[in-house]
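None of the figures in this text is laboratory data; all of them are computed from the coordinates on show. Since the model is a prediction, treat every value here as computed from it, not as a measurement. So basically every Cβ, Gly included, is an ideal-geometry build from the backbone, and we count neighbours across all protein chains shown.
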Amino acid sequence: MIELHGERTGNCLRVAIALEAVGLPYTVKLVDLRSGEQRGPDHLALNPAGKVPAIVDRVPGEEPFVLSQSNAIIMYLDQKVPGILFPVALRPRAIAIERFFHFVTDVIGPEMAQYRIRDQESRQALIRLAIEIVVDAERYLEGFPFMGGDSLSAADDAAAVFILSYQRHVDWDAAPKLADWFQRVVGRREFERGLTAFD
Ligand SMILES: N[C@@H](CCC(=O)N[C@@H](CS)C(=O)NCC(=O)O)C(=O)O
């Protein structure tokens, strides 16, 4: 059984959706970020950086395994249950990982940075940059149903969780393939369940 420690933030939701996708049993342990629980001794024992998400994987006969960094957790889940979050075959896998990185580095980078900035104009500029980079991913859907190619992957998870928070900023008329993909993906069972994991 895996414990997922976190709250309803993008990084935590991405992991909850991945857990739903791979179908491993898990429980959610809410960490109240507003009250600073992430900096309390219980959570610091899991992640000394005082951030969520973190998981504890309890496998009978083994020491509990603790891991933080949402994307490391996703890669770990992919190795536990191969072929769902990323394809197994070398090149399709590399492409899906390339697309995943598009979202978890190029898009989420400016998005996370804007939380640290007080000047509204600079904040808006960073959000616009993140939106621009996410919309640029529409080209991945040319001839393919999903962001990573022929099958759903962690790239769709990463893109959809980001877009859910910023959908009002997207010019959907200018991005019809992205709009179609978004509706198809967020209606899926693993998304519906993962998105409510912390409610
Ligand atoms: N790169 C890390 C980022 C973790 C992170 O910044 N988590 C935020 C929530 S999304 C957090 O714990 N914020 C609380 C704080 O910084 O006090 C990941 O992907 O897990």
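Remarks
- FRET efficiency, ASP171 to ASP106 (Cβ-Cβ, R0 22 Å, nearest 0.05): 0.70
- When the chain is treated as a GNM with alpha-carbon contacts under 10 Å, the residue of ILE73, ILE163, ILE117 showing the greatest mean-square fluctuation is ILE117.
- Choice from ASP119, ASP150, ASP32 with maximal GNM fluctuation in the chain (Cα, 10 Å cutoff): ASP119
- Region 123-171 and region 1-80 have Cα centres spaced 24 Å apart.
- Cβ-based exposure ranking for THR9, THR27, in which fewest neighbours within 10 Å come first: THR27, THR9
- For region 1-45, alpha-carbon Rg relative to the globular expectation (2.2 N^0.38 Å, N residues): 1.20
- Neighbour counting of Cβ atoms within 10 Å sorts the residues TYR166, TYR115, TYR76, TYR140, fewest neighbours leading, into TYR115, TYR166, TYR76, TYR140.
- When the convex hull of its Cα atoms is projected in every direction, mean area for region 58-187 (nm²): 9.7 nm²
- Considering only GLY50, GLY36, GLY61, the mean-square fluctuation computed in a Gaussian network model of the chain, springs between alpha carbons under 10 angstrom, is largest for GLY61.
- Partner lysines whose Cα lies under 24 Å from the Cα of LYS51, excluding those fewer than 8 positions away in the same chain, are identified as LYS29, LYS80.
- Helical mean residue ellipticity (222 nm; -39500 (n - 2.57) per DSSP H run of 4+; nearest 500) of the chain: -14500 deg cm²/dmol
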